[in-house]
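The values are calculated or read from the model by the stated rules, or taken from the named source; none is laboratory data. The structure presented is a predicted model; accordingly, all values stated were derived computationally and were not measured. Cβ coordinates were reconstructed from backbone atoms using ideal geometry, including for glycine residues, and neighbour counts include every protein chain displayed.
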Amino acid sequence: MIRVEGQTPYQAVDTASFAEDLFVELFQETFGLDKTQYLVNEYPCENIYGDNCYIDYALKTDLEAYAIEIDGEQWHNPALVSVDKYLDDLLKRNSLTWLGWRVYIWTYRQLVNEREKVKSELVQFLGQSPHFKIYDDYLPRQRGTVLELRPHQEETLQRLQELRGEYNSMALIADAQGTGKTTTAVLDACRLGLRTLFVAHTLELLQQAARRFRELWPQARVTIIDDYSGPLDGDVMIASIQGLHNRLSQFAPDHFGYIIIDEAHHAASPSYRQVISYFQPMFLLGLTATPERHDQESIMELFKNEAHRLDLKTAVEIGELVPIRCVRVKTNIDFSSVRINGIRYNYRDLDTCVHVPERNRLIVDTYLSHVPGQKAVVFCASVQHAAEVAQLFQESGINAQLVEGRMKKPLREEILDQYRQGIVKVLCACDILNEGWDSPETAVLFMARPTLSKVIYLQQLGRGTRRAQGKNALLVFDFIDNTVRHNHSVNLHRLFRSREYRPGALVIAPQEQMEEEKRRLLSGEKMDTILPHNIFVRDYELVDLFDWQEEIKHMMSLHQLAMELYVDDATARRWVDECKITPGPDLELPMGKVTHRYFSQERLEDIREQLNIPARVPEAIREDFFRYVKAGQMSFSYKPVMLKGMLRLVNDKGQAELGALVSYFRNFYEQRADADLQIEVSGAVINRVKEMNDFDVARLMLTMPFEKFERKFFLEHRKDLNLVGFVPALWKRLTVEDKAELIEICDRQIERYYARRVGKE
């Protein structure tokens, strides 16, 4: 146990982190806590020159990728920051735009002083109820030596042949990291013998792919295509997406017979779509790792057929990756007061808790007691934390080294090479080793960084799951700090829903190995024959697997409930507070100053009955729409003006370009101004229409009249396509006569509104 009495707390100051926390808070208020799972913090990317950089928050929908940057005004001032940093930031954002990202930037001052405006802008930029998707490309990537051909690879090669025999021209391999997807793809390309293009994401992967092709297809001439110059001949050409963009016009569309897209999760982005749509190969193959993530729709739209799928858990169970053992190291450090925003712990709170010498000493003592002399990686909460732990190891006679992103590349490579040779025994890092680095010989991981992110945990876990000679299993030391239930960090048992815990025992392994170990433990066999470490495997306890992210997965947030009841969030919140919905929420999650409420899906009909709100059936949507329009409840003139515009502008699918609708909406009020007619009641924003830009008008229209229709599921805003339209169930039921009648209703309501309400002023 760790004693912390009398310890002077470490004070961390990170304005950027505070600003990012504020953004997440506003994002939650706008879209709900459940939507925060789609925000990826510190998303890794590259500029056009291949240099690494990070996006504050990444988001994606069906067709768009969003990069969100949260900054202070001074960080864009070249007089206050170094010229290099200023230019690097500019290059990053220009590169993101060029690669097809939509880049949005808010400042710390805006988040603090203009909360409602920022939330309004989020709705404008992302839509009222955007269909966010999981970023599969932020998952662990294993890179290393060629694997021997395994049964699942044979199966995949056979299936690819079958797909082509069925006249399919594309497919996807969705196997876990470290299972030999590239090897399978190279062998398939070699078998076909067509001119091949291999598209990878980083320089390291380009070089790795080139080595793999030269090893497995030695007769082929392999060329790496650079961005602007160099030869374009070869049987196999390896290229980055940037390099292809810059030289696309130099190829005929049918130049390649076989195209392989590595890390195919990128393929749904505009930059990849442009390249893929340009070429006309005989066969297109995508490679991606997809461990137990639910979103593959956008990828499958491109690749159509799934040749093979192998998730991490299955890969371990069939012996493709090593079994995983775990020791839970409990501390008495109190994390219960550490604030969380639904994505991560508050940086300052976490840093203060983690910077306790006794906790760091426990890490070193655990290593010395159980795995002395073995190569291990310690994942820490911050660079400073990693530096402190490395120093403690060194003071204990262990050659440990800090690895961090600010190091010069040659120094970092030298340290990693010394680790491979066994000169360095322990590596201490924060995020730098999460991806792009492989160490098959690593058999011990220390998870000393509390994190709420399953993605980050998986990334770090993936550093040790690859098989190697003499390696029987990966041993994970999970550091478990004191927290409240909703505040638990991710750990191995929670990740794989394994409730039974014995120190050092298997958590994931082939079924027969799991059963054999259990039998030996029950028979009382000596422990050192089971686990060759100084660990007492016989101790037993049950693990609390409560995971609020899993708990709410099939529940309704208050926002979702409001939408089901066709009311706004404030109304639904008031009904809960007034106990009109009984019993109350099925789950309450305190997150900082806000408590999020969730309801079981099974209660929806009971709640509707309590409030006398009938469920809408598709057949009744036309009548409901007419009833709502005819009711004509208006505080302003906006609803009939906007609806009339939509009815006049929509295409045969019931959709209209947002820009066209904004122009129609603006022109209506500008014409009144030009005719010297009163525009609206006093105090209405639209009275300044001549001073407003299109963005201001769009924001007003989408957050005032449009939202009313959207919340009742009559209209929808496709942010990714910049379209607004009627929901398909309603549109297909509206006749030509209906549309004409609706326009007449809108005209009457506009006339009546200006005669009765505005005319009184």
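Has segment 320-342 got any residue that is modelled with pLDDT under 85, within 24 Å of R466 (Cα to Cα) and touching a His at 6+ places or on another chain (Cβ under 9 Å)?
yes
Let's see how each residue does on (1) assigned to a strand (DSSP E or B); (2) surrounded by fewer than 22 Cβ atoms within 10 Å (Cβ to Cβ); (3) at pLDDT below 90:
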{"position": "D349", "(1), (2), (3)": "no, yes, yes"}
{"position": "D365", "(1), (2), (3)": "no, yes, no"}
{"position": "P372", "(1), (2), (3)": "no, yes, no"}
{"position": "Q391", "(1), (2), (3)": "no, yes, no"}
{"position": "M407", "(1), (2), (3)": "no, yes, yes"}
{"position": "R412", "(1), (2), (3)": "no, yes, yes"}
{"position": "W437", "(1), (2), (3)": "no, yes, yes"}
{"position": "E441", "(1), (2), (3)": "no, yes, yes"}
{"position": "F446", "(1), (2), (3)": "yes, no, no"}
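With the condition kept exactly as written, say whether any residue in segment 451-466 is closer than 16 Å to K313 by Cβ, out of contact with any Lys or Arg (no Cβ under 7 Å at 6 or more places or on another chain), of a type in the set (V, I, T) and in contact (Cβ under 8 Å) with a residue 24 or more places away in the chain.
Yes - at least one qualifying residue is present in segment 451-466.
Can you confirm whether A468 is touching a Phe, Trp or Tyr at 6+ places or on another chain (Cβ under 7 Å), of a type in the set (G, A, S), on the phi < 0 side of the Ramachandran plot and in the same structural domain as D349 (by TED's automatic domain parsing)?
Considered against the rule, which asks whether it is touching a Phe, Trp or Tyr at 6+ places or on another chain (Cβ under 7 Å), of a type in the set (G, A, S), on the phi < 0 side of the Ramachandran plot and in the same structural domain as D349 (by TED's automatic domain parsing), A468 comes out as no.
Restricting the search to segment 80-100, which residues are outside any helix (DSSP H, G or I) and either at pLDDT 85 or above or more than 17 Å from Y54 (Cβ to Cβ) (or both)?
Matches in segment 80-100: L80, S82, G100.
Being in contact with a Leu (Cβ under 9 Å, 6 or more places away or on another chain) and surrounded by 18 or more Cβ atoms within 10 Å (Cβ to Cβ) is the filter here, so list the residues in segment 394-405 that pass it.
Within segment 394-405, I398, A400, Q401, L402, V403 meet the criteria.
Is segment 600-615 home to any residue that is modelled with pLDDT of 90 or more, in contact with a strand residue (DSSP E or B) (Cβ under 8 Å, 6 or more places away or on another chain) and surrounded by 16 or more Cβ atoms within 10 Å (Cβ to Cβ)?
yes
Filtering segment 448-497 down to residues that are in a loop (DSSP other than H, G, I, E, B) and touching a Cys at 6+ places or on another chain (Cβ under 6 Å), which residue is modelled with the lowest pLDDT?
Here the residue is R449.
Scan segment 498-519 and tell me whether some residue there is within 26 Å of the chain's Cα centre (by Cα), modelled with pLDDT of 80 or more and not aliphatic (A, V, I, L, M).
Among the residues of segment 498-519, at least one is within 26 Å of the chain's Cα centre (by Cα), modelled with pLDDT of 80 or more and not aliphatic (A, V, I, L, M), which makes the answer yes.
Restricting to segment 689-703, what's the tally of residues that are surrounded by fewer than 13 Cβ atoms within 10 Å (Cβ to Cβ) and without any contact (Cβ under 8 Å) to a residue 24 or more places away in the chain?
Of the residues in segment 689-703, 3 are surrounded by fewer than 13 Cβ atoms within 10 Å (Cβ to Cβ) and without any contact (Cβ under 8 Å) to a residue 24 or more places away in the chain.
Show the residue pairs meeting these rules: Cβ distance below 7 Å; 6+ apart or different chains; first residue within segment 329-353 and assigned by TED's automatic domain parsing to the domain that holds P450 and in contact (Cβ under 8 Å) with a residue 12 or more places away in the chain; second residue among the aromatic types (F, W, Y) and not in a loop (DSSP other than H, G, I, E, B).
V329/F477; V329/F479; T331/F479; V338/Y345
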